[in-house]
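Following: one structure in structure tokens, then a few remarks.
We did not get these values from a lab; they are worked out from the coordinates using the rules stated. On a predicted model such as this, the values are computed, not experimentally measured, just so you know. Neighbour counts run over all protein chains shown; Cβ positions are idealised from the backbone, glycine included.
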Amino acid sequence: MSNNRHADSSQPSVVKRGGADLDLAAVRAFVTVAEDRYFSEAAARLGISQQAISKRVAKLESDLGVRLFARSRTGAQLTETGTAFLPHARSLVNIADQALEMLHGRRRRALRVDVLDTRLASIDLIQAFHETVEDVDIEIVTSNGLRSARSALIRGSVDAAFCRATEVPEEIVRVPAYLEPLHLLVGRDHPLAGLTRVEMARLSGSTVWMPGNVAGSEWAEYYDLLGAEFGIRIDTSGPDFGWEHFVAEVASGRGASFIGEGTRVPWHPDAVRVPVVDPVPVYPFLLLHHRHGQHPALGLLARHVAAEYRPLDLRRQWLPAPDRAAFESRTPG
């Protein structure tokens, strides 16, 4: 670009129109003309007509109350005011481009969702959501439950988490997601294996084997509360060698165990699932997310989960008292 500038002594070098809003498209047009010198070339670069770019520059000059260009046969040359305004105009355009790039980058980034295990019912919720939206990638992160999910949400390393949570920091939002009925998993030779359902009263005084109940975890607490309420001993002795080993041990007669209705355990010919009733104990899943979460798909996920939630029915379901505050507001009368 030529260094020859025509001063415009009739116009002030400082804009004094406080509170005036700048049209970003007009500012971008000004910067492009300043760089290309010709309105026709600048219009081609922006993909608009020469008339349109001329109108944008004229509007900017009118809004600012200054003359930015001196037009001549050799092209548009910046006035003294235009020269002074150019670096600020470039900064405005750059900031806008960076903001748009940040938003586009966030849209491209996968929605990171924390789950305790990919065999649990929360995965079904996520898959159903994924089928309802377009252009949303989802990355599943497995963790050790609330203990790691809580800090990950605060740090922003995950966007959402599905888990049980009776207390969360103020910046974390809880959305009721799913109340999962429990089944009893037993071996084919177990006395309860031939039943179509088993009442909770019938389990009183028995022992239920839960080798994955890690001390201090939110799920271990849930089963401790369940055991205390119905007189069931929870045996957490291990070791826990994974799902295949767990199911094989139950099938061989190691003991009965609770699993969620939607939990996809490995198939075994000698393992039997029996629904638990009267009342139906339900494990509470919440969708947790940061109050100021920025991922564009986060709100869509929260609305999907809220729409799919089926309210707690205390007439036939059992939920520990510490969990009810998050779910009773959605309980039918």
For this session: May I ask you to give the average projected area over all directions of the convex hull of the Cα atoms of the range 274-333, in nm² rounded to one decimal?
Result: 5.4 nm²
Exercise. How large is ³J(HN,Hα), in whole Hz, for each residue of the range 305-311 in order, when computed from phi with the Karplus curve 6.51 cos²θ - 1.76 cosθ + 1.60 and θ = phi - 60°, using x for Gly and Pro?
Worked result: 4, 4, 6, 7, 5, 10, x
For this session: At a temperature of 37 °C and a viscosity of 0.692 mPa s, determine how fast the range 220-274 diffuses translationally according to Stokes-Einstein, using the Kirkwood radius over alpha-carbon pairs as Rh; express D in µm²/s, rounded to the nearest whole number.
Result: 265 µm²/s
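Give me the net charge for the shell around Ala165: Cβ to Cβ below 14 angstrom, other residues only, Lys and Arg +1, Asp and Glu -1.
With Lys, Arg at +1 and Asp, Glu at -1, the neighbours total -2.
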For this session: Return P(r) of the chain (all Cα-Cα pairs; 20 Å bins starting at 0; whole %; ordered from short to long distances).
Result: 25, 34, 19, 17, 5, 0
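Pop the C-beta distance of Ser204 and Leu100 into the FRET formula with R0 = 45 Å and round what comes out to the nearest 0.05.
0.10
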Problem set entry | Built amide H within the under 5 Å cut-off of Ala256, gap 5+ | Trp209
For this session: Would you mind classifying the range 24-107 by shape? Square roots of the alpha carbon gyration tensor eigenvalues, ordered a ≥ b ≥ c; an a/c under 1.5 is rounded, otherwise it is prolate if a/b is larger than b/c and oblate if not.
Result: prolate
Exercise. When ranked by the protection proxy of mean other Cβ atoms within 10 Å per residue, highest first, what sequence do the peptides 155-167, 42-54 form?
Worked result: 155-167, 42-54
Problem set entry | Simple spin-label estimate for Glu167 and Leu192 in nanometres, 7 Å along Cα-Cβ | 3.2 nm
For this session: Fewest Cβ neighbours within 10 Å first, please rank Glu134, Glu308 accordingly.
Result: Glu134, Glu308
